[in-house]
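Data block below; observations after.
The values are calculated or read from the model by the stated rules, or taken from the named source; none is laboratory data. Just so it is clear, the structure is predicted and the values come from calculations on it, not from any experiment. Reconstructed Cβ throughout: ideal geometry from the backbone, glycine too, with neighbour counts over all protein chains shown. The area values use the complete protein model at the heavy-atom level, side chains included, leaving out ligands, DNA and RNA. Shrake-Rupley method; radii C 1.70, N 1.55, O 1.52, S 1.80 Å.
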Amino acid sequence: MPPVDIASARASAAEESIDLPLFDVSVESPELGKKLVKAAAEWGFLWIVASPPPDNKNNESYDFDEETVDRVFSVSREFFLDAAMEEKEPCRIKHNRGWVDMHVENLDPSQHKRGDFKQAFNLAEPLDGGHGDWVQPMPATFQRHDARLRDFHARCRRLSTRILRLLALGLEIEDPDWIARTHEQAPNTARFLFYPQLPPGTDYSQESDIRAGAHSDYGSITLLFQRPSQPGLELLTPDGTWASVPIFPPGYHSTALPPIVVNIGDLLSYWTNGFLKSTIHRVILTEPGDTEGAAQSGDVMKSGLGENRFSIAIFIQPSRATEIVPMPSPLVASRAAEFARETVGHGGGIQTETGKGSITAGDYLDGRLMATYGSVYQPVKASS
Ligand SMILES: O=C(O)CCC(=O)C(=O)O
Ligand SMILES: [Fe+2]
(Lines give C-alpha, C1' and ligand atoms only; values in the text may rest on other atoms or scores of the structure.)
(Ligands and ions follow the chains in the order given, each with its own letter.)
Protein backbone atom coordinates (compact mmCIF):
# COMPACT_ATOMS: atom_id res chain seq x y z
CA MET A 1 0.00 0.00 0.00
CA PRO A 2 1.17 3.59 -0.52
CA PRO A 3 2.51 5.42 2.52
CA VAL A 4 -0.06 7.62 4.33
CA ASP A 5 0.86 11.25 3.77
CA ILE A 6 -0.03 14.12 6.10
CA ALA A 7 -3.00 15.24 4.02
CA SER A 8 -4.65 11.84 3.90
CA ALA A 9 -4.04 11.26 7.63
CA ARG A 10 -6.39 14.11 8.58
CA ALA A 11 -9.27 12.47 10.32
CA SER A 12 -12.26 14.15 8.75
CA ALA A 13 -14.69 11.61 7.38
CA ALA A 14 -14.06 10.12 3.95
CA GLU A 15 -16.26 11.32 1.14
CA GLU A 16 -16.36 7.92 -0.55
CA SER A 17 -17.91 4.82 0.91
CA ILE A 18 -17.10 1.36 -0.31
CA ASP A 19 -19.15 -1.83 -0.36
CA LEU A 20 -16.93 -4.83 0.31
CA PRO A 21 -17.43 -8.14 -1.49
CA LEU A 22 -19.87 -10.22 0.60
CA PHE A 23 -19.52 -14.00 1.07
CA ASP A 24 -21.62 -16.68 2.67
CA VAL A 25 -19.12 -19.30 3.88
CA SER A 26 -21.61 -21.76 5.35
CA VAL A 27 -20.86 -24.27 2.59
CA GLU A 28 -17.24 -24.85 1.55
CA SER A 29 -16.17 -25.26 -2.07
CA PRO A 30 -13.00 -24.64 -4.11
CA GLU A 31 -14.94 -22.09 -6.21
CA LEU A 32 -15.83 -20.12 -3.09
CA GLY A 33 -12.17 -20.29 -2.03
CA LYS A 34 -11.16 -18.78 -5.38
CA LYS A 35 -13.61 -15.92 -4.96
CA LEU A 36 -12.41 -15.20 -1.43
CA VAL A 37 -8.80 -15.19 -2.55
CA LYS A 38 -9.62 -12.84 -5.42
CA ALA A 39 -11.22 -10.36 -2.99
CA ALA A 40 -8.35 -10.75 -0.52
CA ALA A 41 -5.84 -10.10 -3.31
CA GLU A 42 -7.72 -7.08 -4.62
CA TRP A 43 -8.95 -5.39 -1.43
CA GLY A 44 -7.60 -7.27 1.56
CA PHE A 45 -11.06 -6.65 3.10
CA LEU A 46 -14.34 -8.56 2.76
CA TRP A 47 -17.68 -9.14 4.46
CA ILE A 48 -18.75 -12.55 5.75
CA VAL A 49 -22.42 -13.32 6.38
CA ALA A 50 -22.67 -13.71 10.17
CA SER A 51 -26.07 -15.25 10.81
CA PRO A 52 -28.46 -17.51 8.91
CA PRO A 53 -30.55 -15.72 6.27
CA PRO A 54 -34.34 -16.18 6.74
CA ASP A 55 -34.64 -18.81 3.95
CA ASN A 56 -31.81 -20.93 5.34
CA LYS A 57 -32.60 -24.53 6.25
CA ASN A 58 -29.28 -25.43 7.80
CA ASN A 59 -28.61 -23.10 10.73
CA GLU A 60 -25.75 -25.13 12.17
CA SER A 61 -23.35 -24.07 9.46
CA TYR A 62 -23.44 -20.41 10.52
CA ASP A 63 -21.19 -19.67 13.44
CA PHE A 64 -23.09 -16.74 14.95
CA ASP A 65 -26.57 -15.45 15.64
CA GLU A 66 -27.95 -12.13 16.79
CA GLU A 67 -28.46 -13.08 20.42
CA THR A 68 -25.02 -14.63 20.89
CA VAL A 69 -23.23 -11.55 19.58
CA ASP A 70 -25.52 -9.14 21.49
CA ARG A 71 -24.74 -10.97 24.71
CA VAL A 72 -20.99 -10.69 24.14
CA PHE A 73 -21.24 -6.98 23.39
CA SER A 74 -23.22 -6.55 26.59
CA VAL A 75 -20.25 -7.96 28.57
CA SER A 76 -18.06 -5.40 26.86
CA ARG A 77 -20.43 -2.54 27.70
CA GLU A 78 -20.65 -3.71 31.30
CA PHE A 79 -16.87 -3.73 31.61
CA PHE A 80 -16.10 -0.40 29.95
CA LEU A 81 -19.09 1.57 31.24
CA ASP A 82 -19.83 0.08 34.66
CA ALA A 83 -16.67 -1.52 36.09
CA ALA A 84 -14.74 0.57 38.62
CA MET A 85 -11.13 1.56 38.09
CA GLU A 86 -10.13 -0.92 40.84
CA GLU A 87 -11.38 -3.73 38.61
CA LYS A 88 -9.53 -2.53 35.50
CA GLU A 89 -6.25 -1.44 37.06
CA PRO A 90 -4.88 -4.90 38.06
CA CYS A 91 -5.55 -6.11 34.49
CA ARG A 92 -3.43 -3.51 32.71
CA ILE A 93 -1.94 -4.84 29.48
CA LYS A 94 1.07 -7.14 29.77
CA HIS A 95 2.33 -9.51 27.06
CA ASN A 96 -0.40 -8.12 24.78
CA ARG A 97 -3.15 -9.28 27.16
CA GLY A 98 -5.39 -7.17 29.36
CA TRP A 99 -6.78 -3.69 29.64
CA VAL A 100 -5.56 -0.77 27.53
CA ASP A 101 -6.46 2.68 28.87
CA MET A 102 -7.19 5.78 26.75
CA HIS A 103 -4.17 7.00 24.74
CA VAL A 104 -1.96 4.03 25.68
CA GLU A 105 -1.91 2.54 22.20
CA ASN A 106 -0.80 4.72 19.32
CA LEU A 107 -1.43 2.88 16.07
CA ASP A 108 0.01 5.67 13.94
CA PRO A 109 2.69 7.51 15.93
CA SER A 110 4.00 9.11 12.73
CA GLN A 111 0.82 11.25 12.54
CA HIS A 112 -0.48 11.50 16.08
CA LYS A 113 1.41 12.80 19.11
CA ARG A 114 -0.96 11.34 21.64
CA GLY A 115 -2.37 7.84 21.55
CA ASP A 116 -5.70 6.65 20.22
CA PHE A 117 -8.99 7.85 21.75
CA LYS A 118 -10.09 4.41 22.84
CA GLN A 119 -9.93 1.78 25.52
CA ALA A 120 -9.44 -1.90 24.78
CA PHE A 121 -9.26 -5.27 26.47
CA ASN A 122 -7.28 -8.08 24.84
CA LEU A 123 -8.60 -11.48 25.87
CA ALA A 124 -6.53 -14.46 24.75
CA GLU A 125 -8.37 -17.67 23.86
CA PRO A 126 -8.08 -20.26 26.63
CA LEU A 127 -5.87 -23.22 25.78
CA ASP A 128 -6.84 -26.90 25.59
CA GLY A 129 -9.55 -26.45 23.01
CA GLY A 130 -11.09 -23.56 24.98
CA HIS A 131 -11.47 -25.56 28.23
CA GLY A 132 -8.21 -24.54 29.93
CA ASP A 133 -7.56 -21.67 32.32
CA TRP A 134 -7.58 -18.09 31.14
CA VAL A 135 -3.94 -17.11 30.80
CA GLN A 136 -4.18 -13.56 32.11
CA PRO A 137 -5.73 -11.61 34.97
CA MET A 138 -9.51 -11.58 34.48
CA PRO A 139 -11.68 -8.68 35.61
CA ALA A 140 -14.69 -9.71 37.74
CA THR A 141 -17.09 -8.69 34.94
CA PHE A 142 -15.47 -11.19 32.56
CA GLN A 143 -15.38 -13.88 35.25
CA ARG A 144 -19.14 -13.51 35.72
CA HIS A 145 -19.63 -14.24 32.03
CA ASP A 146 -17.03 -16.98 31.67
CA ALA A 147 -19.20 -19.39 29.65
CA ARG A 148 -20.35 -16.68 27.25
CA LEU A 149 -16.78 -15.60 26.51
CA ARG A 150 -15.52 -19.16 26.02
CA ASP A 151 -18.41 -19.89 23.67
CA PHE A 152 -17.61 -16.75 21.67
CA HIS A 153 -13.96 -17.74 21.36
CA ALA A 154 -15.00 -21.24 20.20
CA ARG A 155 -17.27 -19.78 17.52
CA CYS A 156 -14.54 -17.40 16.33
CA ARG A 157 -12.15 -20.35 16.10
CA ARG A 158 -14.66 -22.26 13.93
CA LEU A 159 -15.11 -19.31 11.60
CA SER A 160 -11.40 -18.56 11.37
CA THR A 161 -10.63 -22.20 10.53
CA ARG A 162 -13.36 -22.13 7.88
CA ILE A 163 -11.81 -19.02 6.31
CA LEU A 164 -8.23 -20.33 6.48
CA ARG A 165 -9.36 -23.53 4.70
CA LEU A 166 -11.10 -21.50 2.00
CA LEU A 167 -7.98 -19.39 1.50
CA ALA A 168 -5.87 -22.56 1.15
CA LEU A 169 -8.33 -23.91 -1.43
CA GLY A 170 -8.30 -20.62 -3.32
CA LEU A 171 -4.50 -20.48 -3.23
CA GLU A 172 -4.42 -24.02 -4.68
CA ILE A 173 -2.39 -25.37 -1.78
CA GLU A 174 -2.60 -29.16 -2.07
CA ASP A 175 -3.62 -29.75 1.55
CA PRO A 176 -6.61 -27.51 2.44
CA ASP A 177 -5.63 -27.67 6.12
CA TRP A 178 -2.08 -26.46 5.49
CA ILE A 179 -2.67 -22.91 6.76
CA ALA A 180 -5.20 -23.81 9.47
CA ARG A 181 -2.84 -26.42 10.95
CA THR A 182 -0.19 -23.78 11.72
CA HIS A 183 -2.86 -21.93 13.72
CA GLU A 184 -4.19 -24.86 15.77
CA GLN A 185 -2.00 -24.29 18.84
CA ALA A 186 -1.97 -20.49 18.68
CA PRO A 187 -4.58 -18.73 20.82
CA ASN A 188 -6.69 -16.14 19.04
CA THR A 189 -6.94 -12.74 20.70
CA ALA A 190 -10.36 -11.15 21.13
CA ARG A 191 -9.91 -7.41 21.45
CA PHE A 192 -12.89 -5.61 22.93
CA LEU A 193 -12.79 -1.99 21.81
CA PHE A 194 -14.53 1.01 23.30
CA TYR A 195 -14.32 4.41 21.62
CA PRO A 196 -16.10 6.73 24.05
CA GLN A 197 -18.21 9.70 23.23
CA LEU A 198 -16.02 12.63 24.22
CA PRO A 199 -17.14 14.86 27.07
CA PRO A 200 -18.13 18.53 26.70
CA GLY A 201 -15.04 20.68 26.63
CA THR A 202 -12.84 17.85 25.35
CA ASP A 203 -9.54 18.93 23.83
CA TYR A 204 -9.96 16.37 21.02
CA SER A 205 -8.90 17.92 17.74
CA GLN A 206 -10.12 16.64 14.40
CA GLU A 207 -6.78 17.72 12.92
CA SER A 208 -4.45 15.88 15.23
CA ASP A 209 -6.42 13.19 17.11
CA ILE A 210 -8.08 9.96 16.03
CA ARG A 211 -10.01 7.01 17.46
CA ALA A 212 -7.68 4.41 15.92
CA GLY A 213 -4.75 5.64 13.84
CA ALA A 214 -4.00 4.37 10.34
CA HIS A 215 -2.46 0.90 10.54
CA SER A 216 -2.45 -2.51 9.01
CA ASP A 217 -3.10 -5.55 11.19
CA TYR A 218 -0.17 -7.75 12.10
CA GLY A 219 -1.31 -11.35 11.99
CA SER A 220 -3.01 -13.67 9.49
CA ILE A 221 -6.60 -12.50 9.42
CA THR A 222 -8.80 -10.30 11.61
CA LEU A 223 -12.53 -10.76 12.20
CA LEU A 224 -14.29 -7.53 13.11
CA PHE A 225 -17.70 -7.38 14.79
CA GLN A 226 -19.47 -4.03 14.73
CA ARG A 227 -22.77 -2.66 16.03
CA PRO A 228 -25.59 -1.17 13.96
CA SER A 229 -25.42 2.67 13.95
CA GLN A 230 -21.82 2.86 15.18
CA PRO A 231 -19.78 3.52 12.04
CA GLY A 232 -16.24 4.84 11.77
CA LEU A 233 -14.12 2.21 9.97
CA GLU A 234 -12.30 3.51 6.90
CA LEU A 235 -9.80 1.91 4.57
CA LEU A 236 -7.13 3.39 2.34
CA THR A 237 -7.93 2.65 -1.30
CA PRO A 238 -5.21 1.89 -3.87
CA ASP A 239 -5.46 5.48 -5.18
CA GLY A 240 -4.47 6.79 -1.73
CA THR A 241 -7.85 8.16 -0.62
CA TRP A 242 -9.90 7.06 2.40
CA ALA A 243 -13.22 5.28 1.95
CA SER A 244 -15.67 4.51 4.75
CA VAL A 245 -16.96 0.96 5.17
CA PRO A 246 -20.73 0.88 5.77
CA ILE A 247 -21.95 -1.29 8.63
CA PHE A 248 -24.45 -3.13 6.39
CA PRO A 249 -24.20 -4.11 2.72
CA PRO A 250 -27.11 -2.97 0.53
CA GLY A 251 -30.11 -5.29 0.92
CA TYR A 252 -28.55 -7.34 3.73
CA HIS A 253 -30.94 -9.78 5.42
CA SER A 254 -30.44 -8.57 9.00
CA THR A 255 -30.61 -5.07 10.47
CA ALA A 256 -29.53 -6.27 13.92
CA LEU A 257 -26.35 -8.28 13.29
CA PRO A 258 -24.02 -6.81 10.66
CA PRO A 259 -21.81 -9.09 8.58
CA ILE A 260 -18.33 -9.73 9.97
CA VAL A 261 -15.57 -7.68 8.36
CA VAL A 262 -12.57 -9.88 7.58
CA ASN A 263 -9.23 -8.39 6.66
CA ILE A 264 -5.83 -9.76 5.78
CA GLY A 265 -2.92 -8.99 8.13
CA ASP A 266 0.72 -8.24 7.28
CA LEU A 267 1.94 -11.70 8.22
CA LEU A 268 -0.38 -13.42 5.75
CA SER A 269 0.54 -10.88 3.11
CA TYR A 270 4.25 -11.54 3.69
CA TRP A 271 3.62 -15.29 3.71
CA THR A 272 1.98 -15.08 0.28
CA ASN A 273 4.69 -12.88 -1.31
CA GLY A 274 2.30 -9.94 -1.08
CA PHE A 275 -0.36 -11.72 -3.16
CA LEU A 276 -2.99 -11.22 -0.45
CA LYS A 277 -3.17 -7.55 0.51
CA SER A 278 -2.85 -6.15 4.00
CA THR A 279 -4.82 -2.91 3.71
CA ILE A 280 -4.30 0.16 5.86
CA HIS A 281 -7.37 1.18 7.83
CA ARG A 282 -8.38 3.48 10.69
CA VAL A 283 -11.35 4.42 12.87
CA ILE A 284 -12.56 7.99 12.87
CA LEU A 285 -14.92 9.87 15.13
CA THR A 286 -18.21 10.35 13.31
CA GLU A 287 -20.78 12.91 14.27
CA PRO A 288 -24.40 12.17 13.30
CA GLY A 289 -25.20 14.31 10.28
CA ASP A 290 -21.96 16.28 10.35
CA THR A 291 -18.36 15.23 10.36
CA GLU A 292 -16.35 17.82 8.47
CA GLY A 293 -14.93 20.26 11.02
CA ALA A 294 -17.31 19.14 13.78
CA ALA A 295 -14.61 19.27 16.43
CA GLN A 296 -14.10 22.95 15.82
CA SER A 297 -17.77 23.85 16.28
CA GLY A 298 -18.63 25.49 19.61
CA ASP A 299 -22.04 23.79 19.79
CA VAL A 300 -20.55 20.35 19.55
CA MET A 301 -17.97 21.18 22.19
CA LYS A 302 -20.74 22.10 24.63
CA SER A 303 -22.67 18.85 24.25
CA GLY A 304 -19.81 16.40 23.79
CA LEU A 305 -18.52 14.82 20.65
CA GLY A 306 -19.54 11.74 18.69
CA GLU A 307 -21.26 8.64 20.04
CA ASN A 308 -19.95 5.62 21.91
CA ARG A 309 -18.64 2.99 19.53
CA PHE A 310 -18.09 -0.64 20.57
CA SER A 311 -16.40 -3.17 18.33
CA ILE A 312 -14.67 -6.52 18.77
CA ALA A 313 -11.66 -7.50 16.68
CA ILE A 314 -10.42 -11.09 16.70
CA PHE A 315 -6.77 -11.41 15.74
CA ILE A 316 -5.85 -14.75 14.20
CA GLN A 317 -2.24 -15.80 13.90
CA PRO A 318 -0.07 -18.91 13.52
CA SER A 319 2.04 -20.44 16.31
CA ARG A 320 5.07 -18.37 17.19
CA ALA A 321 7.51 -21.00 15.94
CA THR A 322 6.00 -21.05 12.42
CA GLU A 323 8.64 -20.17 9.82
CA ILE A 324 7.21 -17.58 7.50
CA VAL A 325 8.55 -18.75 4.14
CA PRO A 326 6.40 -18.45 0.98
CA MET A 327 3.38 -20.77 1.08
CA PRO A 328 3.36 -23.84 -1.22
CA SER A 329 0.99 -22.26 -3.74
CA PRO A 330 1.54 -21.66 -7.46
CA LEU A 331 -0.11 -18.24 -7.10
CA VAL A 332 2.32 -17.30 -4.35
CA ALA A 333 5.35 -18.61 -6.25
CA SER A 334 4.51 -16.48 -9.26
CA ARG A 335 4.75 -13.32 -7.12
CA ALA A 336 8.31 -13.88 -5.85
CA ALA A 337 10.19 -11.45 -8.10
CA GLU A 338 7.66 -8.65 -7.77
CA PHE A 339 7.51 -9.06 -4.00
CA ALA A 340 11.23 -8.58 -3.57
CA ARG A 341 10.67 -4.91 -4.43
CA GLU A 342 7.63 -4.27 -2.18
CA THR A 343 7.08 -3.16 1.43
CA VAL A 344 4.55 -4.89 3.64
CA GLY A 345 2.91 -3.22 6.61
CA HIS A 346 2.56 0.28 7.93
CA GLY A 347 4.67 1.32 10.88
CA GLY A 348 7.78 -0.77 10.50
CA GLY A 349 8.48 -4.38 11.18
CA ILE A 350 10.08 -7.01 9.09
CA GLN A 351 12.55 -5.55 6.65
CA THR A 352 15.98 -6.69 7.76
CA GLU A 353 19.35 -5.37 6.64
CA THR A 354 19.58 -8.18 4.17
CA GLY A 355 16.07 -7.65 2.82
CA LYS A 356 13.16 -10.03 3.27
CA GLY A 357 14.48 -13.15 4.87
CA SER A 358 12.87 -16.03 6.71
CA ILE A 359 11.46 -15.04 10.09
CA THR A 360 9.34 -16.82 12.67
CA ALA A 361 5.79 -15.63 13.27
CA GLY A 362 6.67 -14.86 16.92
CA ASP A 363 9.62 -12.60 16.10
CA TYR A 364 7.62 -10.84 13.45
CA LEU A 365 4.64 -10.14 15.73
CA ASP A 366 6.89 -8.98 18.59
CA GLY A 367 8.47 -6.45 16.24
CA ARG A 368 5.12 -4.97 15.26
CA LEU A 369 3.79 -4.88 18.84
CA MET A 370 6.92 -3.14 20.13
CA ALA A 371 6.44 -0.44 17.50
CA THR A 372 2.83 0.12 18.63
CA TYR A 373 3.05 -0.09 22.41
CA GLY A 374 6.65 1.06 22.95
CA SER A 375 7.85 0.17 26.43
CA VAL A 376 4.41 -1.18 27.48
CA TYR A 377 4.88 -4.33 25.42
CA GLN A 378 7.07 -7.12 26.72
CA PRO A 379 7.67 -9.93 24.27
CA VAL A 380 6.38 -13.36 25.29
CA LYS A 381 9.03 -16.04 25.46
CA ALA A 382 6.64 -18.99 25.13
CA SER A 383 6.84 -21.17 22.06
CA SER A 384 3.23 -20.95 20.89
O1 LIG B 1 -12.73 -0.86 15.85
C2 LIG B 1 -12.62 -1.08 14.66
O3 LIG B 1 -13.57 -0.99 13.90
C4 LIG B 1 -11.31 -1.48 14.03
C5 LIG B 1 -10.23 -1.76 15.04
C6 LIG B 1 -8.94 -2.12 14.39
O7 LIG B 1 -8.72 -1.94 13.23
C8 LIG B 1 -7.89 -2.78 15.21
O9 LIG B 1 -8.01 -2.78 16.45
O10 LIG B 1 -6.94 -3.31 14.62
FE1 LIG C 1 -7.00 -3.04 12.58
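Listing for the model above:
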{"read-out": "Inverse of mean 1/r across different Cα pairs in the stretch 131-221, Kirkwood, Å", "value": "16.9 Å"}
{"read-out": "Whole-number accessible area per residue in Å² for the stretch 17-376, which is evaluated in the context of all protein chains at 1.4 Å", "value": "40 Å²"}
{"read-out": "Accessible heavy-atom area order of 135, 261, highest first, probe of 1.4 Å", "value": "135, 261"}
{"read-out": "Neighbour-limited loop hits for GluC sites (Glu not before Pro), the stretch 123-220 (at most 14 other Cβ within 10 Å; DSSP other than H, G, I, E, B)", "value": "174, 184, 207"}
{"read-out": "Ordering of 327-336, 227-236, 39-48 by packing [mean C-beta count within 10 Å, highest first]", "value": "39-48, 227-236, 327-336"}
{"read-out": "Where 134, 99 fall by accessible area, highest first, once all protein chains stay in place (1.4 Å)", "value": "134, 99"}
{"read-out": "From the C-alpha gyration tensor of the stretch 17-376, square roots of 5λ in Å", "value": "30, 24, 22"}
{"read-out": "Counted charge near residue 140, where neighbours are those whose Cβ lies closer than 13 Å (Asp, Glu -1; Lys, Arg +1)", "value": "-4"}
{"read-out": "Unit charges at the beta carbon, dipole of the stretch 17-376: most positive-side option, 250, 360, 47", "value": "360"}
